[in-house]
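For reference, the structure discussed in these notes is given below.
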């Protein structure tokens, strides 16, 4: 005989920054909730990122609700400092996730939602999905991918950036990084600084912006830009960026036909926030290559007809939320990437998403705003 579902008032799915933020807000409001997490620790995705990663936004603007980074934290916290902050955040608000409890399927049910989890069925009046953008690595179907150097057969080691920690993660001395988003650009720089011969495959146009300008962080400049008319702000920003990066087409890097602001606000994509990769390209330390046509053994052939042999190929080809895998009955609420069309407010009665909107404020700042809004709506519905 099947066991009846466990009954809960509110279930928060995911104990990353968004899930912790919503849980902390509900704790302060005295509202009951269950926080479930598939892994064995909080902030699991942050623990998996490459070691040299730092926030692109200042610590002061990147805090979750009601608790900031500790005094003495540098302007741009490292990966380890973000993980320590998330651990301290969970302790401060006495958040105790149910670890090892993965959401397998979510579907509407009478008086709420039914969650099929790895720990059994849960019936909840309200559910907040906080699984984030990085749930599934995106890999070109044409390329084989190994989880580690030891797991491959003869030929170039091909691995997704999800498995990269430091240059020891992938064999050298010749490496190809596929993709020049923020992950690809920083890993290429990491490999270059380790003495590797590094090429980077760029498949299309991009926007490049500095992490800070004249001592001001990028998100601060973006905030000021919104105080003046859009057309004037765009003209000023374009003039500044042309002075900084106007020679990039000569290196094989071509600009998008729209601005970085437009890329974030309308296309929900983050531009390349440069922390040194562009200087390395200009200095000839990183060579720009076009898109890949094929890979055979150690030889990569590019769409321009050129070819090169590599010891390791690193796919910095991004991630997708792919929430349709968890909620097939709710496909109308998701976009093509499997991300919710609305984040930070109620989507269907009792169903919320948090942490899925890209913003010029930075991801943690946006999560903080969304978490407060979601908690207020949950309280109003109680």
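Coordinate-derived values only; no laboratory data. Since we're looking at a predicted model, the values are computed, not measured. Quick reminder, even Gly has a Cβ in these numbers, built from the backbone with ideal geometry, and neighbours come from all protein chains shown.
Once you have the Cα-Cα distance between residue 329 and residue 193, take 0.36 nm times their residue separation minus that, and quote the gain in nm to one decimal. Using 0.36 nm per residue and subtracting the Cα-Cα distance, I get 44.2 nm.
Extending 7 Å from the Cα toward the beta-carbon at both residue 379 and residue 84 defines two label points whose distance is 3.2 nm. Stokes-Einstein diffusion coefficient for segment 139-317 at 10 °C in a medium of 1.306 mPa s, Rh from the Kirkwood formula over Cα pairs: what value in µm²/s? Taking Rh from Cα pairs, D becomes 92 µm²/s.
Label separation (residue 107 vs residue 28): 3.8 nm, computed from points 7 Å beyond Cα along the C-beta direction.
Here r is the Cβ-Cβ distance between residue 231 and residue 267 and R0 is 22 Å; the resulting FRET efficiency, rounded to 0.05, is 0.70. By the helix-only formula, in which each DSSP H run with n ≥ 4 contributes -39500 (n - 2.57) and the sum is divided by residues, the chain has a 222 nm mean residue ellipticity of -8000 deg cm²/dmol.
If you take the beta carbon distance between residue 244 and residue 285 as r and set R0 to 25 Å, what does 1/(1 + (r/R0)^6) give as a FRET efficiency, to the nearest 0.05?
Numbers: r = 19 Å, r/R0 = 0.74.
The formula returns an efficiency of 0.85 here.
Would you work out the relative contact order for segment 273-323, in percent, from Cα pairs under 8 angstrom that are 6 or more residues apart? Could the numbers behind the result be given before it?
Working: 35 pairs, mean separation 9.2, N = 51.
Over segment 273-323, the number comes to 18 percent.
Contour minus end-to-end for residue 118 and residue 141, with contour as 0.36 nm per residue of separation and end-to-end as the Cα-Cα distance? Walk me through the numbers on the way to the answer.
Working: separation 23, 0.36 × 23 = 8.28 nm, distance 2.86 nm.
That pair, residue 118 and residue 141, stretches by 5.4 nm at full extension.
Summary value for the chain: 22 percent relative contact order, contacts being C-alpha pairs under 8 angstrom separated by 6+ residues.
Classify segment 259-382 from the C-alpha gyration tensor, please: rounded if a/c falls under 1.5, else prolate or oblate depending on whether a/b exceeds b/c.
Numbers: a/c = 3.52, a/b = 2.00, b/c = 1.76.
Prolate shape, in that a/c is at least 1.5 and a/b is the bigger ratio.
Taking every Cα-Cα distance in the chain and sorting them into 20 Å bins starting at zero, the pair-distance distribution P(r) comes out as 27, 55, 18, 0 percent.
How high is the relative contact order of segment 139-317, given as a whole-number percent (alpha carbon pairs under 8 Å, six or more residues apart)? If you can, show how the numbers build up before the last one.
On the way: 296 pairs, mean separation 64.8, N = 179.
Value for segment 139-317: 36 percent.
With both residues required to sit in the chain, DSSP beta bridges show an antiparallel share near 45%.
When you count, for each residue, the other Cβ atoms within 10 Å and take the mean per peptide, how do 363-374, 100-111 rank with the highest first?
Numbers: 363-374: 22.8, 100-111: 15.2.
Packing order, densest peptide first, comes out as 363-374, 100-111.
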